[in-house]
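Have a look at the structure below, then the notes.
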Amino acid sequence: MNEVVVIGAGVVGLTTAVTLQEAGHRVRVLSAERPERTTSAAAGAVWYPFAVGPPEAVNRWARAARAWLLALARDVPEAGVDVITVRECADDARRPWWAEAIEGLRLVEGPQPSGARLAWEFEAPRAEPALHLGWLESRLERPIEIRRVDRLDDVPGDLVVNCTGIGARRLAGDTSLRALLGQTVLVEPGAVEPGKMYGDERDLSAMLYVISRRAEVVIGGCALPFDGDVIPQPDPALRAALLERARAAGFRHGRVLRDAVGLRPVRPEVRVERVGRIIHHYGHGGAGYTLARGSAEEVVSTLRR
Ligand SMILES: Cc1cc2nc3c(=O)[nH]c(=O)nc-3n(C[C@H](O)[C@H](O)[C@H](O)COP(=O)(O)OP(=O)(O)OC[C@H]3O[C@@H](n4cnc5c(N)ncnc54)[C@H](O)[C@@H]3O)c2cc1C
C-alpha cells in the first residue's frame, strides 16, 4: 500500500483521491484552497466534452466517467448528480467528435431558440458542484490540508499526484497550459423547464447555455483567454450580456442569485503522465466533471505499472 499525496481539491483532485482510496492506497489531499473556492465550484458541471483533447483518450475517459456518474445519479442522491436531457445546437448533421462516448444521441431537426436549425439531444449526468464536491470530500479518510505547494519535490509521500488545474502552469512549469475564463449567473428557475439543458456553443463569442439544477438554473457562458492563474471577480457587463442572451432565446428565468467565475485549464492534451514519483493529472479544460473519474482510473493503473 502506497502513501499517496494528491495536490488539489477541485473535482479532479477529489475524484482522484477517492478513486485511489477505493484501490487500497492511503491518501492525503493538500490544497491551496477549499473545494468551494476552486474553478470546479463554478462549473455548469454537465457531462459534455468541451475544449479538451485528445479525442481518443477523452472519449474513453468520458465513457467511463459517464457510467460512474449515471450510477451515482441512480443510487446515491447525496452525491448531487442527476440525469437531465441536453439539447446542444449544431450547424450540420455530422456526428460530433465525442459521439463514441455516448449511446442514445439523436438529431433534432427544426428551429431552435437561439436560431440554430439542428441540435443533438441526449441524456447526461449533471452534478450540483456544491453537493458533489462536498460528497467527494466526505468520502476522504483524512481531512483536506489547506496548504500551497511551491515545489513538487518538497511534497512528502511515496507518490504525488499533481491535480492543480490551472495552478500547474506555475507548479509544473507547463507553458502549454492556458486559462479559458468562464462566467455564469445563477438564477431562480422562474418559467425555465426543469430537468433540461439547452446549449449553443457554435459561436464562442456569443455562447449560451441554460442548465436546470435541483433549485436553481445556471445561465452561461463564455470562454475567454485569460492571463494568470487567480480567479478574477465577476464582470457585471458580462452578467448583463448573459441574461440578455437567455431572455432573447425565450428563457423566462426568475430572480438573480449570484455569479460564478472559473478558469478552465486548457491544454492540447489532458496530462496523465508519471515522472518519477510524480504523476501529473491536469488540463481537463471545459470537461473536468465529464472526465475526472475516467482519467483518475488511468492514474490508478499508472501506479500499478
Ligand atoms: C463557467 C464554467 C463552466 C464549466 N462547465 C463545465 C461542465 O458543464 N462540465 C464539465 O465537465 N466541466 C465544466 N467546466 C470545466 C471544469 O470546471 C474544469 O475542467 C474543472 O473544474 C477542472 O478541475 P481541476 O480539479 O483540475 O481544477 P480546479 O477546480 O481549478 O482545482 C485545482 C485545485 O488545485 C489547487 N491548487 C492549485 N495550485 C496549487 C498549489 N500550488 N498548491 C496547492 N494547491 C494548489 C487549487 O486550490 C484547487 O484546489 C466549467 C468551467 C467553468 C469555468
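Observations on the structure shown:
- Whichever residue in the stretch 47-67 is among the aliphatic types (A, V, I, L, M) and touching a Gly at 6+ places or on another chain (Cβ under 8 Å) and, among such residues, is farthest from the ligand (Cβ to nearest atom): Ala64
- Selected residue (criterion: nearest to the ligand (Cβ to nearest atom)) from residues of the stretch 203-233 that are surrounded by 16 or more Cβ atoms within 10 Å (Cβ to Cβ), touching a residue at least 40 places away in the same chain (Cβ under 8 Å) and part of a loop (DSSP other than H, G, I, E, B): Gly221
- Condition met for Gly262 (in a loop (DSSP other than H, G, I, E, B) and either of a type in the set (S, T, N, Q) or touching a residue at least 12 places away in the same chain (Cβ under 8 Å) (or both)): no
- Screening Arg293 on (1) over 19 Å from Glu128 (Cα atoms); (2) surrounded by 20 or more Cβ atoms within 10 Å (Cβ to Cβ) shows it passes everything except condition (1).
- Test set (1) assigned to a loop (DSSP other than H, G, I, E, B); (2) under 15 Å from the mean Cα position of the chain (by Cα); (3) surrounded by fewer than 16 Cβ atoms within 10 Å (Cβ to Cβ) - Gly44 fails condition number: (3)
- Candidates Glu145, Glu141, Glu109: the one that is within 14 Å of the ligand (Cβ to nearest atom), surrounded by fewer than 17 Cβ atoms within 10 Å (Cβ to Cβ) and either modelled with pLDDT of 95 or more or not polar (S, T, N, Q) (or both) is Glu145.
- Candidates are the residues of the stretch 1-14 that are modelled with pLDDT of 95 or more and more than 8 Å from the ligand (Cβ to nearest atom); the one that is surrounded by the fewest Cβ atoms within 10 Å (Cβ to Cβ) is Val5.
The values are calculated or read from the model by the stated rules, or taken from the named source; none is laboratory data. Nothing here was measured: the structure is a model prediction, and the numbers come from that model. Using ideal geometry, Cβ is built from the backbone for each residue, glycine included, and neighbour counts are taken over all protein chains shown.
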